1. Looking at the chain only, what percent of DSSP beta bridges run antiparallel? Nearest 5 please.
2. To the nearest 0.05, what FRET efficiency results for residue 207 and residue 75 with a Förster distance of 56 Å applied to their C-beta separation?
3. Assuming R0 = 56 Å, what is the FRET efficiency of residue 23 and residue 128, from their Cβ-Cβ distance, to the nearest 0.05?
4. Compactness ratio of segment 16-135: Cα Rg over 2.2 N^0.38 Å, N = residue count?
5. Per residue, how much accessible area does segment 166-217 show when a 1.4 Å probe rolls over the protein heavy atoms, in square angstrom?
6. Given a 1.4 angstrom probe, what's the average accessible area per residue across segment 34-138, in square angstrom?
7. Rounded to the nearest 500, what is the 222 nm mean residue ellipticity of the chain from helices alone, with -39500 (n - 2.57) per DSSP H run of 4+ residues and division by all residues?
8. If a helix is a whole DSSP H run, which ones in the chain reach 15 Å or further along their own axis (Cα) and hold a mean Kyte-Doolittle hydropathy of at least 0.5?
Amino acid sequence: MSKSNEIVLHLDASYRDFFKNLKSFISTSRVKAAIVLNKEVIQMYWKIGEELVEKGKVTNWGDKLLEQVSHDLRIEFPEMRGFSKTNLKYMRVLATLYPNGIGQYAVDQTPWGHIMLLTRIKSVEERHWYLAQVREHGWSRPMLEKQIQSNLYKRQALPENKVSNYSARLPQAQSNLAQELLKDPYNFDCLGLHDEAHEREIENASVQHITKFLLELGKGFSFIGRQVPIEVSENEYFIDMLFYHVKLHCYVVIEIKAVSFKPEHAGQLNFYLSAVDDKLRSPEDNPSIGLLLCKSRDKVIAEYALRNIEKPIGVSEYWLTKAIPENLKISLPTIQEIEFELNNSIKDEELLPGKED
């Protein structure tokens, strides 16, 4: 073996680590560069929108302005995409929704395709909630659209829709997080089941489609098992589904009931939680929490049932088919409808007492 070959072999011994670190650095730099580039592009789109809004105030050109600007920008910058008439409309809407800039709301940290969807949400609180969810969970545009169409905001963000005793049975920090994670109803149309599916069918499908099931449960859930045996006083019981939540640092016991909620369901889950805390919970774990998923639920009955239950339990409904209930359906307005409403609201403000002509 020649001396030169020995040098090559010596380099090969450490090359993998060297190249791994180099690759990691380049990948990280590319992500940072993409984030910076996206921020600059979104800021540019907002500025274009602002200019269009201001120009529209002093002319009566209407959409002809957009057509002309779109045509001229495409000629002037043929290598750039994003200057279609429709895109310019969204830029104008973005500038109208955020006349003082978009930096404080971190809109410029969001991809443009997501922003186009979000500008069609009328409620400021709801729009900003979805913005935060996109940043936290890294949702793709199709995932964001799916979550909006299923009205996740109403199902998860609004406390008046939820039933639990978490605030009374958990420390505040854990209670707040558990309450934030709770949804009502849960959307399990990804399991491909009919409305009359039995509990065991739902469990089986949940395991077969565990990734989709976990996605609907929310971030932080780790699946342990289904029909998990637990022994109490020489009697064996079986927990429908057992999870561990990495942020809550606790076991989560899920019981599925393919019927309307009954008060005795809470008692059964309370028993399972006591057993899990006694048999499985370690000193480092927080108290286990329970989630009852029922085909339907009367809120008042569920609240009464949980009032004197010792363990922390939430009660939610679920649906299995793609047919979203009428009270949860959401239809996003078109860009034309959004602009029409924004223009009307601006005109209304101009007519308020104290406004100068």
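The values are calculated or read from the model by the stated rules, or taken from the named source; none is laboratory data. What you see is a predicted model; the values in this text were computed from it and never measured. Backbone-built Cβ (ideal geometry, glycine too); neighbour counts: all protein chains shown. Heavy atoms of the whole protein, side chains included, go into the accessibility calculation; ligands, DNA and RNA do not. Shrake-Rupley method; radii C 1.70, N 1.55, O 1.52, S 1.80 Å.
1. That works out to approximately 55 percent antiparallel.
2. With a Förster radius of 56 Å, E is 0.50.
3. Efficiency at R0 = 56 Å is approximately 0.95.
4. The reported ratio for this selection is 1.29.
5. Value returned for segment 166-217: 49 Å² of accessible area per residue.
6. Counting only protein heavy atoms, the per-residue value for segment 34-138 is 55 Å².
7. -17000 deg cm²/dmol
8. Helices meeting the span and hydropathy rule in the chain: none at all.
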